[in-house]
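Following: one structure in structure tokens, then a few remarks.
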Amino acid sequence: MEWDATYAIGQSAVDGDHQRLFQLFNQFSAAIAAGERRESANRFLRELADYSAHHFRREEGLMRAVGYPDYAKHKAMHDSFADFVRRQSEADNHDLEEVQFLQSYVEMWLCGHILVMDKWFGEWLDGRTGKSGAAEPIS
């Protein structure tokens with residue numbers, strides 16, 4: 001996955017988090033390509049769980065601070081993804097098929113979530129503040 005401006009929502013902290021999630025995913029993909037299935041899957045899931053929890057707290061905090069009307073729906077999506085990552089990390093056997101599924105699922109979820117749900121939030125912020133970036137104080 002390659003980060004570009006298409007994924008930016010106009011909040012530098014959130015965009016930076018998204019870029020870091022892309023980096024984690026790309027490190028995982030490189031490890032899979034090098035034949036490191038089980039080890040890389042376990043490491044990736046731990047890092048993804050930790051970093052996505054950090055990111056979700058930041059993003060949800062910003063949403064609450066600005067009164068985002070779709071906060072509950074957005075949080076439910078975060079919670080569902082976090083639960084998926086937790087369940088996958090508890091699985092002990094990550095064979096090739098499971099690792100490929102994990103790779104595809106995470107890629108589709110991250111890209112889809114950012115390009116739809118997070119973009120809607122960014123657009124809502126733009127409309128509320130008149131320009132992107134005006135609600136930056138949450139870190």
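Data table
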read-out	value
Overall dimensions of the chain as given by Cα atoms, namely Rg and Dmax in Å	15.7, 50
Mean separation of Cα contacts under 8 Å, 6 or more apart, over the residue count of segment 1-67: relative contact order %	32 percent
Cβ-based net charge around Tyr105, under 12 Å, with every Lys or Arg adding one and every Asp or Glu removing one	-1
Full-stretch length increase - Ala33, Arg64 - with 0.36 nm per residue and alpha-carbon distance subtracted	7.2 nm
Estimated distance in nm for a label pair at Arg46 and Asp79, the labels positioned 7 Å out from Cα along Cα-to-Cβ	2.8 nm
Kyte-Doolittle at least -0.5, axis length at least 18 Å by Cα - qualifying DSSP helices, the chain	12-33, 96-112
Accessible area (Å², per residue) of segment 1-130, counting only protein heavy atoms and a probe of 1.4 Å	51 Å²
Within the accessible area of segment 35-118 (1.4 Å probe), percent carbon and sulfur	51 percent
Net charge contributed by nearby residues that have their C-beta within less than 15 Å of Arg86 (K/R +1, D/E -1)	-4
Within-13-Å neighbourhood charge of Met77 [Cβ basis; K, R +1; D, E -1]	-4
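The values are calculated or read from the model by the stated rules, or taken from the named source; none is laboratory data. Please read all numbers here as calculations on a predicted model, not as lab measurements. A quick note on method: Cβ atoms are made from the backbone with ideal geometry, for glycine too, and the neighbour counts reach across all protein chains shown. Areas reflect the complete protein model, heavy atoms only, side chains present, ligands, DNA and RNA absent. Shrake-Rupley method; radii C 1.70, N 1.55, O 1.52, S 1.80 Å.
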